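See below for the structure under consideration.
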């Protein structure tokens, strides 16, 4: 049979090519971002920038670096992730074991979904109102707490989605052996969910370290490395933001360097999450 | 418990006996057991932990209520000073004169958000269809982590990219060309020649939400049973016809939910938009006018808000409006999405 072009097949080809084109467009423009960041950041980065805190006249282009922001960001994100993780474990166990299939669990899930979608600037504003009510000033502690809140829904919902898919027969066999809820959740749920714990933690860490709007209100910005929880603290996203908005070329260059450092941290965390979850999944009974 | 070597176990028992002498209430049940090894019996430990854990489960619900309540409390003066309509639809924003009308900011947010969706949705849908219906397995396994990765890039990086690439492009290429091409249409006319404009904001946001739309819609397509497609193909439909007549209609609620999620993400985005959109208090009338979204308003002015009366109430009111709108869109999309993916 001779192949004949008709309208239907032409349409098929047209749409297929259009799809391929838009797929390329999206992936390409996303790659373009990474390439731009590397292209601009790589020449600007040097040892001085990542090992020194800003010196006098830094914002006019004099010596110094962004160590304050790097250390500050790591403090903030680690603290926030730690707090969020400690709170998220009981919530996840509660949602899947103790309050399984109750109205309370679905209400809590809805609340967490809403929290996940809430813009980070609203968290910032909320943190600010709390700080005013308590008479606190912007500090590392406030930043950590607000980041913890921001990361909590990410952690809980990521773990929860995974654990919910787990066959409940596993729990039932633990119950059949006489395990209490707590023993079953510890021996079955936590063990089975180890890989997703790692993924969720790193996901939340990535979100926390990249967030600027909430930290802007609560952690402030400073040129020094904080010595106590009550000191204000700098962070990388804000370092990018502030330095790019300066009129001096030399300062903007450091903004690009900060952007590169931030991107590298995010990419590393994301890769680590993949590798770690693969490594930990050998404890899982499939 | 059996893993403890005997010596350690004895130690634990000893300590727990001492402690249990101090506290009484919970242990009545435990005392009846002949071989009690730990502080609490297994069941009462479970009950105690269960109660604690229930407290934690309630925590997010309470937290959300507290967030709304705190913002409401702070914003209350602005609601009681004028009517809600004055606040939401007022055109004047002069904090020093005591005029707080959010309309320029709300319209700014909507312009940027809708612009972003207009740009992002068609190619994202096509790309998602491609990934789910046409792409090779290798492409899929390579794209999935890439999308996750890109969804995790901080907004400030997108903003920096916007300042570096998008703003100059709009200034030097898009704006002059479109302005001369459509010289009669007010949508493309402006007096703002900087490139910091609604269009730049929309483009940056479009790229930011693209990974979200693609991965959600892709997931929705994959949740569709393969039999539906097979039935259509067996009737002699081409693949595109199958997509157009079967896959797309069937997954419409899911697609809408994905767009809704992207919408709320774009709506609440702060840093990326703030850096490229120009931040001029006005109601934008063209793609190339500068805008001033709600989020940028809050982020730019929190520093001075305590020095002008009512300013803080107005800003917290803005945050509240933002939160409630996003909440609305989000819960609608989450509701639909849960129904589809069977969550």
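Table for the structure above
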| quantity | calculated |
| --- | --- |
| Enclosed volume per residue, in Å³, of the convex hull spanned by Cα atoms of chain A | 231 Å³ |
| Semi-axis lengths (Å, descending) of the ellipsoid that matches the C-alpha gyration tensor of the protein assembly as shown | 43, 35, 25 |
| Sum of -39500 (n - 2.57) over DSSP H runs of 4+, divided by residues of chain B (222 nm, nearest 500) | -21500 deg cm²/dmol |
| Partner chain coverage, peptide A:197-206 - average Cβ within 10 angstrom | 1 |
| Extent along principal axes [Cα atoms of the range B:280-340; Å; largest to smallest] | 49, 31, 14 |
| Among A:69-75, A:28-34, B:82-88, the order from most to least packed when residues are scored by Cβ within 10 Å on average | A:69-75, A:28-34, B:82-88 |
| Chain B - percent relative contact order, Cα under 8 Å, separation 6 or more | 24 percent |
| Ellipsoid semi-axes in whole angstrom, largest first, where each is sqrt(5λ) of the Cα gyration tensor of the range B:87-341 | 38, 21, 16 |
| Cα gyration tensor category, rounded, prolate or oblate, for the range A:24-84 with a/c compared to 1.5 | oblate |
| Residue mean of other protein chain beta carbons inside 10 Å, A:213-220 | 3 |
| Packing rank of A:160-166, A:45-51, A:207-213, where each peptide gets the mean count of other beta carbons within 10 Å, highest leading | A:207-213, A:160-166, A:45-51 |
| Peptides ranked, highest mean first, by Cβ atoms within 10 Å: ranges B:301-307, B:69-75 | B:69-75, B:301-307 |
| Relative contact order of the range A:23-117, defined on C-alpha pairs under 8 angstrom at six or more residues apart (%) | 13 percent |
| Pairwise label distance in nanometres, residue B:140 with residue B:52, each label 7 Å out on the Cα-Cβ vector | 4.4 nm |
| Shielding of B:40-46 by partner chains, average beta-carbon count, 10 Å | 3 |
| Chain A: relative contact order as a whole-number percent, Cα under 8 Å and 6+ apart | 27 percent |
| log₁₀ of I(q)/I(0) at q = 0.20, 0.24 Å⁻¹ - the range B:204-243, Debye sum with one point per alpha carbon | -0.67, -0.77 |
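The numbers here are math on the coordinates, done by the rules we state, and not lab data. The structure displayed is predicted, hence computed values, not measured ones. Methodologically, a virtual Cβ is constructed for each residue, glycine included, from the backbone with ideal geometry; neighbour enumeration extends over all protein chains shown.
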